[in-house]
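Before any comments, here is the structure.
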Amino acid sequence: MISNVKLISISKLLFALYVFYESVLQYVISPITGLSYVLLFGAVMLLLIYNRRMIADRNAIMFLLFGVYVVTIGMLVAKDTNKVLTTAVHYFEYVIAFYLVGCYSREDKNIDFSVKTIILLGIIASLSQIFVGKSTIRQSIAENVNTNTTGIMITYALGFLLYYFIYIKKTRFRIILVSGIVLLFVFCIVQTGSKKGIITSGMLFLFWLWICYEEAFKKMNSMVRIIITITLIIGTYYAYKWYTTEYSDMYSYVQYRMENIGGLSTQERIHLIKEGFQIFLNHPLFGVGFNNARYYTYLSTYTHCFYTELLACTGIIGTLIFIIPMINVFAILMKKLNYDRYKNYRTENVKTKYLMVIYVMLLTMNLASIMLYMFSHFFAFSIINGYILISSDERTYLNQ
């Protein structure tokens, strides 16, 4: 008989492999048909055997309900029902992953496993981008993966790496290692030329410094602070020199994109967002069908904004179902911040503040990307949801 400890460990391993394969490995190696489903459902089955029952939080249930809704309504109103079904299949994968992260968090009473998984995902994506990535100007992990998708994925990895650094025991080796990984992530985000990734990663780092200084850095002895400062300065300098020398064309292009934030691509996105809102006004109740807004836009593509895409494709009913978990997480984080401050839980308060920053950045990035169609958005959100599940019983925070 396999022990319970081994069951949960194997389940976690299968899930981690699913995350790596779904996000990176299937694009840099020959894809294996059905492997992602085998890994994901294997992780679920082992977890169910371990728990002997299914325990789902209210947010996972709401996301599942949303999936049932979009499939049902999509069959009735969509121009392309095949697009509804293929998109829904991936969406249900994300919901299962969301459910698993919540279960693992409750079992471990922390989110360390999920945080380490997304950090390792960022490392794998970064190394894949550097050594086997494909592009002429903007670098991605593969030719068929959008550079913005890669940039956002590594941005989340950077965000959670900084979160992890808040509470781990800080030795000189770990400080140097984390600093090196931070530089790796920053370099690769810049390589993608993703304006969302570059701006968001910069904001995350600034907020991290602001939030953590008093509680973390101020407590470090002078030698540790000197090591951190020197490592970051020297590492940043040589990384910048190497990048501008070896990737001069890419550097010039990234510089051009950052200097022309309001350029043609931005104007096109704004136009698509306006079109998405108009589609919603024309089909306010049920929308036009999951991932079907593309058949109503002048560029024949999605609206490039999560909020207008949600409204246009699912209507007011679908939007309300999906938004409830997002509002729920925000409300509980706010109540937890107040609770930790009142109880003087300093470390927890800093962790919660920074997770709130990551969450706000997630909501901000969705102004120009689609959470419904991107695993990295969903995975980041699932980690934050896992945090509020294990911080205390969520009903306690909701009723305080």
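The values are calculated or read from the model by the stated rules, or taken from the named source; none is laboratory data. Just so we're clear, the structure is a prediction, and the values are computed from it rather than from any experiment. Glycine also receives a Cβ, built like all others from the backbone with ideal geometry; neighbour counts cover every protein chain displayed.
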For this session: Go through the residues of the stretch 315-336 one by one and say whether even a single one is at negative phi and in a loop (DSSP other than H, G, I, E, B).
Result: no
Exercise. Out of the stretch 302-319, which residues are closer than 9 Å to I273 by Cβ and hydrophobic (A, V, I, L, M, F, W, C)?
Worked result: C305
Problem set entry | Scope the stretch 322-355; condition aliphatic (A, V, I, L, M) and either crowded, with 18+ Cβ neighbours inside 10 Å or in contact with a strand residue (DSSP E or B) (Cβ under 7 Å, 6 or more places away or on another chain) (or both); matching residues | M326, V329, I332, L333, V350, L355
Problem set entry | All helices (runs of 4 or more DSSP H) inside the stretch 41-134 with 3 or more residues being among the aromatic types (F, W, Y) and within 16 Å of F381 (Cα to Cα) | 81-108
For this session: Looking at (1) buried (at least 20 other Cβ atoms within 10 Å of the Cβ); (2) modelled with pLDDT of 95 or more; (3) out of contact with any Asp or Glu (no Cβ under 8 Å at 6 or more places or on another chain), find the lone condition where L40 falls short.
Result: (3)
Problem set entry | Which numbered condition T200 misses (of (1) surrounded by fewer than 21 Cβ atoms within 10 Å (Cβ to Cβ); (2) farther than 17 Å from S23 by Cβ; (3) out of contact with any Phe, Trp or Tyr (no Cβ under 6 Å at 6 or more places or on another chain)) | (1)
